[in-house]
Structures are given as C-alpha cells and as structure tokens.
Amino acid sequence: MPRGRALLRRYGWLLVGAGVLALVWLLPIEGWVVFAPRETALPWPQFTLDPPVPRPGAVVRVTVTDVAPWAFVQLTAQDRPAEALGGDQRPGGLWTWSWAFTAPETESYALVFYRDCHLGCVERGRLTLGEPTAAPPPAGLPTKLGVVFPSLNRDWHGRAGWVVEVTYAHQAEAAYWGVDDLATRVAAHREQGLRVLLRVDYDQQQALPPAGDYIALSEYLEYVRRLARDARLQDAYGLIIGADYNTAEANALAPGRPVTPEWYARLFNGYGEPVTHSDNVVQAVRALNPHLRVLVGPVRPWVFDQDGAQRAEADVPWLNYMNTLVALLDETAQAKSAAGIPLAAPDGFDVQAPGRPDAPEMAGMARAEEPRTDLPRAAWGGAQAGFRVYREWLALINAYPTTRGAPVYIISTNTFDREAGVPPAQNYPRGWLTTAAEVIAAEPQVVALCWFMDEYVHTDEWYWFSLTEHPGRLVDAAEEFDALLR
C-alpha cells in the first residue's frame, strides 16, 4: 500500500507508517475510498468530514487542521469553491478552518486546501473521496476550431479544441471575472481536454494600464504573477495580454494616455528599460511558471484611432501599429538575449480576422467564399478588407528574427460587418465557417481559429453573435461548427 494512504472498502482502519497518520472511520459502508493528503513525511493538514462518508447530495462540513496560521485560505470540492464557515486557533498551536459543500454525483472527487490565494493559490493538501477511477482517457484529436466565452455545455465530440476566457486585473475578486470563478471554468474545460487561453485585461473599458502609469503597470504585473502562480490555473495553455488596445474604446478610462506600441512593448517584455530590469509580463511569468505561454494580444484591424512609426507595405494605421509593435518586441528580445537574458520574445501572437462577405469588393462572387478571396481596398493602399487580413498579420510577424514563425492564434472571427453594423445573425452565409476552416487548415503557422462568441449569459449585448443561442442565420454557423468537430 502506498505510504500515507488509507483504503476504506467495507471496513476502515487506522494506518501509521513512515511518520504519517491517516485516520479512516470504521463504518460498514461499501464502495468508498479515502485518500489522505499528498504523500509527505508530514501529517498536516488533516481533514475531518461530517458526515465522514458523504453520500451524493449530502451537505458536508469539512474542517481542516494545520500547524500554521495560513492566510487567504480556500477549499475546493470537485474544483468548485466551498462555502467558508470561519476559522479558529486551537490549543497546541493548531489552526482550523471550516467549509460546507454539497457532495457531487460523481464516483470520485477531491477536496483541495489552498493557502495564500491573494497571491495565487498554493496547494497545501488534498483529500480524495470515492471509488478510484481509471486514468482519464487521452485527449481527443486536436482541432484548430475554438470559441470565445465558451459554453460549458458544448459538445466537443471528443476533440481537443480551443477556448478563450477573459479576466480583469481590477476585478480579481468579482463574480465571474475574478480568479475563483475563472479557475472553476478552467477546470471544467480541461476535463473536456480543451486548450484554454486566458485573456488578461486591466479593467473593463481599459484593455491595459494607461501609458506611463507605472502604478497601474505594477498592479497589472502583480495580477499576472497571481495567475501564473495559482495552482488551479496550471493547466491553462497561455495568457493573452490585452486586446483591441489600439482602439479608443479600449482606452476609455484614460483617453489621454492610450496604449501606444511603445507602451505595449514596455509592458510586455521591457522595451525602453535597462535590459536587466525584469518588471514586464514575459519575465514575470517565466519566473513563476515557465510552461505558461505569453501571447501578444490582438490589434483590431480597420481602426484609425492610433498609428505607428514603422510603416507597413500598405500604409494604414492598424498595420503600422502592428508593424511598430512587432519591431519593438523583436528589438527588446534581441537586446536581452545579447545580455544573457533568453526567452524574452513572445510565445505567439493572437490576431483578429473578421470576415466581410458583404464587402463591395465581393460583388458578383459567392459570399461563402470570402475567406478564400483577396479583398484589397484601394482607399487603404491595397490593405485587405476581410478575412485575409490574417495574411497581413502573418507577414508582419514573420518580418523580424525573434518572432518569425511564431504560432498565431485567430481568437476572433465571425462575419460582423462593423461598417454597416450588421451582426452575424443577419448576414452569415451558409458555408462561410467551413471555408474559413479549410483555408486555415492549410496554414501551419496558424494553430487556432476561434469564433467570437459562443455564449454570454450576463447581458444581451452579444446575443446576435452566439453559436449556442444561434439566432437568425447563426443556425447555419452552429451546425457547421458542430459538423467540423465530428
């Protein structure tokens, strides 16, 4: 029997060995297995359950006893936060905390005790209840398909798809947007074998800290560190650093200090600072979780709010902004490498590639073939006006040594016509998503194609974009998405 474990089948017993004490109640109840905390030479923390062998649906009180007065503790049951009932100091230098939860309808689940959750939850101990289960099945075949704001009820047909979740540094403790609810959703996605990208914004209406605001920058970096450190988020695939930061609406809280390419590069990998400084997102994450990818967030196309100093081949603000940003990230990564500081370049880029099946340039062509169709707009110096803007993003990324060949994730695509204000529920042409998927399948550098969005239950703002609700013409998009997964 493995050290520090006790097995309860028909009767229980007291196991003492290798300095580990595991108490299992003597109850003639068949079909339960109780695992003591992680195998360690220490018997702490200790778990007490009331009732000691919970039946599904029962309200269970859990008391955790430990030898240290941990702060900001939390208990999860089946990856969901339990209800805190308080804590107390006991004689002999012991500390206790109590929680309540409803026993789930599963054969096996874990109670996990965390400490220091204000900095990123660190696992202190766990207790696994129930029948031992077989090893989880291997992840399904990967797919490039994904969604933003994923529905937890979506059937992925066993495919390892992509999902994008959003969190805000200034709402770390808030319902839904905060860390605890985020961690619960990440656990649910990982149980389905999905790859999870976490978009980290500074606040609603403010994608990233305002330019030159070093206090806000410090707050943002501390939140990124918290996410990187949190044991509940260790299975996340990567962090997306902001989105739409070249737009006025994503700088609404500080319109006089918009996020410029220079400020984004400063925040991301330390552009403009001495190479020995590490107060930037890339180095903050690398120091705590080297497995977590750090991805450049998407620049929104077809926006004239900000420009960039480095001119692109098609001289338009969104491409100039992106070109300038990539050049600065590359310059900084090279400078740090020369100083003996590796891995300062992005792990990849997130981009937006909206379709425009009703563009004037599509006149006389099949609307569903828009993803295959170049739509150079003369008024924009030949810049693409539709889905194939992704090729312009690729060209800029591949123009610099440290970013050439970096993975690209399309984390926002649909057929929303921003110029006319027409949502996908009105203008989606049947076959468009299938065409887009075929085009991206032939692009090895593009690893994800995510529809915006799947399900957003908080307001009706995105109802006309939802694959799960599939109003209007989105019934066709929803059917295609499901068929492409099979």
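Within the option set 334, 306, 310, being of a type in the set (S, T, N, Q), open to solvent by less than 70 Å² (accessible area, probe 1.4 Å) and modelled with pLDDT of 95 or more holds for one residue only, 306.
Is segment 316-338 home to any residue that is on the phi < 0 side of the Ramachandran plot, in contact (Cβ under 8 Å) with a residue 24 or more places away in the chain, among the basic types (Lys, Arg) and in contact with a strand residue (DSSP E or B) (Cβ under 6 Å, 6 or more places away or on another chain)? Checked segment 316-338: no residue is on the phi < 0 side of the Ramachandran plot, in contact (Cβ under 8 Å) with a residue 24 or more places away in the chain, among the basic types (Lys, Arg) and in contact with a strand residue (DSSP E or B) (Cβ under 6 Å, 6 or more places away or on another chain).
Applying the condition of being in contact (Cβ under 8 Å) with a residue 40 or more places away in the chain and under 22 Å from residue 440 (Cβ atoms) to segment 471-481 and asking which residue is most open to solvent (accessible area, probe 1.4 Å) yields 473. For residue 373, the criteria (1) within 21 Å of residue 164 (Cα to Cα); (2) of a type in the set (Val, Ile, Thr); (3) touching a Gly at 6+ places or on another chain (Cβ under 9 Å) hold in every case but one, which is (1). Can you tell me which condition residue 470 does not meet? The list is (1) out of contact with any Lys or Arg (no Cβ under 6 Å at 6 or more places or on another chain); (2) in a helix (DSSP H, G or I), and all the others hold. Answer for residue 470: the failing condition is (2).
Residues that are in contact (Cβ under 8 Å) with a residue 60 or more places away in the chain and buried (at least 18 other Cβ atoms within 10 Å of the Cβ) were ranked within segment 252-277; the one that is farthest from residue 122 (Cα to Cα) is 261. Take the conditions (1) touching a Leu at 6+ places or on another chain (Cβ under 9 Å); (2) open to solvent by 50 Å² or more (accessible area, probe 1.4 Å); residue 219 misses just one of them, which is (1). Put simply, of 382, 405, 421 the only residue that is touching a strand residue (DSSP E or B) at 6+ places or on another chain (Cβ under 6 Å), under 24 Å from residue 244 (Cα atoms), open to solvent by 30 Å² or more (accessible area, probe 1.4 Å) and not acidic (Asp, Glu) is 382.
The residue that is most open to solvent (accessible area, probe 1.4 Å), among those in segment 449-465 that are over 19 Å from the mean Cα position of the chain (by Cα) and at pLDDT 95 or above, is 464. Is one or more of the residues making up segment 340-351 in contact (Cβ under 8 Å) with a residue 24 or more places away in the chain, closer than 21 Å to residue 403 by Cβ, open to solvent by 40 Å² or more (accessible area, probe 1.4 Å) and touching a strand residue (DSSP E or B) at 6+ places or on another chain (Cβ under 8 Å)? Within segment 340-351, one or more residues are in contact (Cβ under 8 Å) with a residue 24 or more places away in the chain, closer than 21 Å to residue 403 by Cβ, open to solvent by 40 Å² or more (accessible area, probe 1.4 Å) and touching a strand residue (DSSP E or B) at 6+ places or on another chain (Cβ under 8 Å). If you go through segment 332-377 and keep only what is of a type outside the set (Val, Ile, Thr), within 26 Å of the chain's Cα centre (by Cα) and in a helix (DSSP H, G or I), you end up with just 333. Residues in segment 408-418 that are out of contact with any Lys or Arg (no Cβ under 8 Å at 6 or more places or on another chain) and surrounded by fewer than 20 Cβ atoms within 10 Å (Cβ to Cβ): 418 alone. Number of residues in segment 139-188 that are within 24 Å of residue 481 (Cβ to Cβ), out of contact with any His (no Cβ under 9 Å at 6 or more places or on another chain) and acidic (Asp, Glu) equals 1.
Quick check: anything in segment 95-104 open to solvent by 40 Å² or more (accessible area, probe 1.4 Å) and at pLDDT below 95? No. The residues of segment 270-310 that are in contact with a Phe, Trp or Tyr (Cβ under 9 Å, 6 or more places away or on another chain), among the basic types (Lys, Arg) and not in a loop (DSSP other than H, G, I, E, B) amount to a single one, 293.
Pairs linking a residue in segment 64-90 that is at negative phi and open to solvent by 60 Å² or more (accessible area, probe 1.4 Å) to a residue that is of a type in the set (Gly, Ala, Ser) and part of a loop (DSSP other than H, G, I, E, B), with Cβ atoms under 8 Å and 6 or more positions apart or on different chains, are 67/93. When segment 313-331 is filtered for residues that are surrounded by fewer than 21 Cβ atoms within 10 Å (Cβ to Cβ) and part of a loop (DSSP other than H, G, I, E, B), the ones remaining, listed by number, are 313, 314, 315.
The values are calculated or read from the model by the stated rules, or taken from the named source; none is laboratory data. Bear in mind that the values here come from a model prediction, so they are computed numbers and not experimental data. All Cβ positions, glycine included, derive from the backbone under ideal geometry; neighbour counts span all protein chains shown. All accessible areas refer to the heavy atoms of the entire protein, side chains included, with ligands and DNA or RNA removed. Shrake-Rupley method; radii C 1.70, N 1.55, O 1.52, S 1.80 Å.
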